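Some notes on the structure that comes next.
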Amino acid sequence: MTKHGHVIEFQHSYLPAQQRDSRERFYKKMIWLVNGLRLKNDRRRFFESDNLFRVPFSVDVFVTRNPERCMPSAWVNCTKPVLFDFEGFAAPEGAPKALEGKLWCLLPGRVDSYAVVVAVSRAWFLDAAWNREQIIPTQAIGWFVHNRLSARHRNYAHDPNFRRRGRRRRRF
């Protein structure tokens, strides 16, 4: 437990959903830190997911519509932030070097039907756990992603006054 009352639970072995839910309700202010190498294919599936790295919102914030394709499915619907530790293995080919050695935080809930994943360094996480009232600012990150998504939708929205040009009616 941190000095600000957050519980950080380290999880390696299988945990039934009912027990996970009861711990989240009991502790209220908590974060999961899960071993990302527990199951053989979890790391490979995470880094091979093109969906995750396709939509960065900033250097370390990503979204995905299908978190179950890249995250261990048992942890996808948690009500608390879940950090996955892949033990500092190299990022996949083509991914920025800045992504190496990160903890990957799946935020609870969805923002405009997207799951949000944040890459944080181990040093940042330790500093935040030790010194900050809120370790992972989930609401601020969610607000940031929502505003960015809204801006994208406004830019691509169809203008009802727009008429197709270049198409003429053929007269027979």
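A compact table of results
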{"read-out": "Residues that are open to solvent by less than 30 Å² (accessible area, probe 1.4 Å) and farther than 15 Å from Ala140 by Cβ, drawn from region 103-119", "value": "Leu103, Trp104, Leu106, Ala115, Val117, Ala119"}
{"read-out": "Qualifying residue in region 69-83 (condition: farther than 22 Å from Asp21 by Cα, modelled with pLDDT under 85 and assigned to a loop (DSSP other than H, G, I, E, B))", "value": "no"}
{"read-out": "Residue within region 87-98 that is open to solvent by less than 30 Å² (accessible area, probe 1.4 Å) and either at pLDDT below 90 or outside any loop (DSSP other than H, G, I, E, B) (or both) present", "value": "yes"}
{"read-out": "Residue ID - surrounded by the most Cβ atoms within 10 Å (Cβ to Cβ), chosen from residues in region 129-154 that are outside any loop (DSSP other than H, G, I, E, B) and in contact with a strand residue (DSSP E or B) (Cβ under 8 Å, 6 or more places away or on another chain)", "value": "Val145"}
{"read-out": "Top-ranked residue in region 38-68 [being modelled with pLDDT of 80 or more and crowded, with 17+ Cβ neighbours inside 10 Å; ranked as farthest from the chain's Cα centre (by Cα)]", "value": "Asp60"}
{"read-out": "Condition check for Leu107: touching a strand residue (DSSP E or B) at 6+ places or on another chain (Cβ under 7 Å) and at pLDDT 85 or above", "value": "yes"}
{"read-out": "Search result, residues across region 107-128 that are part of a strand (DSSP E or B) and not hydroxyl-bearing (Ser, Thr, Tyr)", "value": "Val111, Ala115, Val116, Val117, Val118, Ala119, Val120"}
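The values are calculated or read from the model by the stated rules, or taken from the named source; none is laboratory data. Note that the coordinates shown come from a computational prediction; the quantities given were computed from them, not determined experimentally. All Cβ positions, glycine included, derive from the backbone under ideal geometry; neighbour counts span all protein chains shown. These area figures cover heavy atoms from the full protein model, side chains too; ligands, DNA and RNA do not enter into them. Shrake-Rupley method; radii C 1.70, N 1.55, O 1.52, S 1.80 Å.
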